[in-house]
């Protein structure tokens, strides 16, 4: 009987998908009929607010899929945002946290990865140089504290900071924490 129930459930889920239903179904154990599952609650507002890592700030390349015609393929999904800034401009911590890694790796050039509260992490890439304290091992950082300066390390098409946010290891749109305007 168990195998039959699993096959029936799979068939009902496939039928729901064929009808364009995004909501899952379950089998009511008392009635033995398909029923709509409880709706998923709306996502909660961010528990932590971030400050812009460069100022003034606007977004020149948003989070999400992108195509760069005529340019080397930088990736089909942009898992962060680009914030144009002059070379040598200060890059500051978006929130208090602990510096997890500092490295020079591929297209991101000089990168700093910071752990924050609530499973949140931030990544700052294309840096020029780091502040001396961070370069020599300082790991605890305050919100707004200078990490380094904007540079052109890695693959860039102009000076900017690449800024990414991760929640529990998954890239999320930094705009939900920052709300910056798009550049004109």
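List of remarks:
- For the range 141-167, the residues whose backbone nitrogen is under 11 Å from a point 7 Å from the Cα of residue 131, taken along Cα to Cβ, are 141-149.
- Spread of Cα-to-Cα distances over 5 Å intervals beginning at zero, given as percent, for the range 64-178: 2, 12, 22, 26, 21, 11, 4, 1, 0
- Fully extended contour minus Cα-Cα distance, from residue 170 to residue 96, at 0.36 nm per residue: 24.7 nm
Bear in mind these aren't lab numbers, they're just calculated from the coordinates by the rules spelled out. Keep in mind the model is a prediction, meaning the values are calculated, not measured. Positions of Cβ are generated from backbone atoms using ideal geometry, with glycine treated the same way; all protein chains shown enter the neighbour counts.
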